[in-house]
Amino acid sequence: MSQGATPEGAGSASLTTVEAYQKAILSAINPLAPVSLELADAEGCVLAEDVTAAVALPSFDNSSMDGYAVRAADVAGASQESPATLRVTGEIAAGDIGAYRLAPGTVIRILTGAQVPVGADAVVPVEWTDGGSDEVAIYRPADAGNAIRHVGGDATEGETLLTAGTRLRPMHIAVAASAGRKAVSVRPRPRVVVLSTGDELTEPGTPLVPGRIWDSNSYMIAAAAREAGAVAFRRSGVPDDPSGVLPALEEQLARADVLVTTGGVSMGGEHDVVKAALRELGTVTFMKVAMQPGMPQGFGVIGGDGAGGKGGAGGGKKVPLFTLPGNPVSAYVSFQLFVRPAIAALQGADDLSLPAAAATLTSPVRSPSGRRSYLRAVLDGASVTPLSGQQSHQIASLGRANALIIVPEWETQLPAGETVDVLVLP
Ligand code: AMP
Ligand code: MG
């Protein structure tokens, strides 16, 4: 679709289904090139290589307890009544790289994580002894191998520990570090630039005059992009001036892997400046998606040779562009359904669709025929309650929602007690 192709079902009058639109978007997105990032910067990125164990883990036999390194044979007959009393010849702490050898009939005090000395085949936990320092009384026998973590007991040398495609979470960072990796090859967090358009927009924190509103979309979409693992930048209040829209977008190309605009794409003619400006490019497709909220959508590319970019600002790269509707709830739902999965696709992943669940309606809902409704709701266990205030500008109810009820295209009302699909909001 990136080159002006039209997704299935997007005729002049017909509506595109949510799935067809999602599919068209994903098929037009190319994953970002892998980069090498140090571990401290790699969390949230998606591995572009397998990570293998550089050495066996652990790489040396070591103690899993504080206690005494012994020969199992020397403590074989030990009991409470008749302890094995042995001379303590030294101590090995974690990190000690000395070469120790245990003489028969003696013990060496050993701490958790310390190398087991040559000649020892078991560790007796301190709890089984009198804790002596020159001599120790051991009250229980220990089998060979007791309290020893053997070489390779966690992973063998060369074993694959993490596979390409893994989104790096803290445990994966730990695995990579334990495998000795300083850096890993990853697809980085995509950079999302959000531009809100509209002459009515005023920055929060500045006084409001009648006719103006505070810009919420740019903050919301940037926050949603960050929540989805992206790096987000904000460019607020692009004026409703058709000649200013393309330059404002071009200005952002260099730092963007995705551009997201809000506003300026409905049916209002010359005031819909985003649509007017991008239509000329021919690389962005505008359509109506069979959903509520969020019917007017646009997706395509900008930059590269020719279209937008003006041969420089973006380094000639083509950047995917979403034009989201201006009403805040429409913009929010559109982001979650279309931009969020695209952020994953830029990382070569497909793990960012909202989790779905089934729940029982606690009160009836209505929905327009032929469009799929996404109704703000509160999901509580297996019950879901639609919120009042379902119009697209009603941000207050969005702030109370933790889920969206899906009402299929062919339903116009559903009674309380019905089982519905819901999307759980992140
Ligand atoms: P538009 O799509 O530009 O026609 O805008 C539709 C509605 O959304 C209008 O009521 C706008 O004032 C409102 N809107 C547009 N952009 C924003 C924004 N950034 N923050 C809050 N509301 C907005
Ligand atoms: Mg507008």
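The values are calculated or read from the model by the stated rules, or taken from the named source; none is laboratory data. It should be emphasised that the depicted structure is a prediction, and the values quoted were computed from it without experimental measurement. Note that we place each Cβ from the backbone using ideal geometry, even for glycine, and neighbour counts take in every protein chain shown. Remember, those area values only see protein heavy atoms, side chains included, never the ligands or the DNA or RNA. Shrake-Rupley method; radii C 1.70, N 1.55, O 1.52, S 1.80 Å.
Counting only Cβ charges, +1 for Lys and Arg and -1 for Asp and Glu, the dipole size of the chain around its Cα centre is about 1180 debye. Measuring with a 1.4 angstrom probe and ignoring ligands and nucleic acids, Leu37 comes out at about 40 Å² accessible. When the square roots of the Cα gyration tensor eigenvalues are ordered a ≥ b ≥ c, the ratio a/c for the stretch 370-426 is 1.5 or more and a/b does not exceed b/c, which makes its shape oblate. FRET efficiency for the pair Glu135 and Thr112, taken as 1/(1 + (r/R0)^6) with r the Cβ-Cβ distance and R0 = 25 Å, rounds to 0.65.
Angle of helix 18-28 to the longest C-alpha principal axis of the chain, folded into 0 to 90 degrees and rounded to 10: 70°. For the chain, the carbon plus sulfur part of the accessible surface works out to 52%, probe radius 1.4 Å.
Report the calculated FRET efficiency for Ala99 and Arg226 (r = Cβ-Cβ distance, R0 = 60 Å), to the nearest 0.05. Could the numbers behind the result be given before it?
Details: r = 51 Å, r/R0 = 0.86.
For R0 = 60 Å, the calculated efficiency reads 0.70.
Suppose all protein chains stay in the model; what accessible area per residue would a 1.4 Å probe give for the stretch 310-379, in Å²? Walk me through the numbers on the way to the answer.
Working: 2370 Å² over 70 residues.
So the stretch 310-379 comes to 34 Å² accessible per residue, rounded to a whole number.
According to a simple spin-label model (label point 7 Å from Cα along Cα-to-Cβ), what is the distance in nm between Ala177 and Thr419? Roughly 4.5 nm, to one decimal.
So which of Lys23/Lys317; Lys23/Lys182; Lys23/Lys318 end up more than 27 Å apart by C-alpha?
Details: Lys23/Lys317 23 Å; Lys23/Lys182 37 Å; Lys23/Lys318 19 Å.
Distance filter (> 27 Å) returns Lys23/Lys182.
Here the Debye sum runs over all C-alpha atoms of the chain as equal scatterers in vacuum, and log10 of I(q)/I(0) at q = 0.08 Å⁻¹ comes out as -0.61.
Would the stretch 194-327 count as rounded, prolate or oblate if I go by the C-alpha gyration tensor, calling it rounded below 1.5 in a/c and otherwise prolate when a/b exceeds b/c, oblate otherwise? Walk me through the numbers on the way to the answer.
On the way: a/c = 1.43, a/b = 1.28, b/c = 1.12.
It is rounded, given that a/c, with a ≥ b ≥ c, falls under 1.5.
A helix-only calculation puts the chain at -4500 deg cm²/dmol for mean residue ellipticity at 222 nm, using -39500 (n - 2.57) for each DSSP H run of at least four residues, averaged over all residues.
In this structure the amide hydrogen of Leu162, modeled in the peptide plane, comes within under 5 Å of the amide hydrogens of Val51, none closer than 5 places in sequence on its chain.
Accessible surface area normalised per residue over the stretch 26-86 is 47 Å², counting heavy atoms of protein chains with a 1.4 Å rolling probe.
Shown is the FRET efficiency for Leu39 and Ser243, computed with R0 = 60 Å from the Cβ-Cβ distance and rounded to the nearest 0.05: 0.80.
Computed over protein heavy atoms with a 1.4 Å probe, the accessible surface of the stretch 138-188 works out to 55 Å² per residue. Working value for the stretch 13-137: equivalent-ellipsoid semi-axes of 59, 17, 11 Å, each the square root of 5 times a Cα gyration tensor eigenvalue, largest first. With the simple spin-label model, which puts each label point 7 Å out from Cα in the Cβ direction, the Ile395 to Gln80 separation comes to 7.1 nm.
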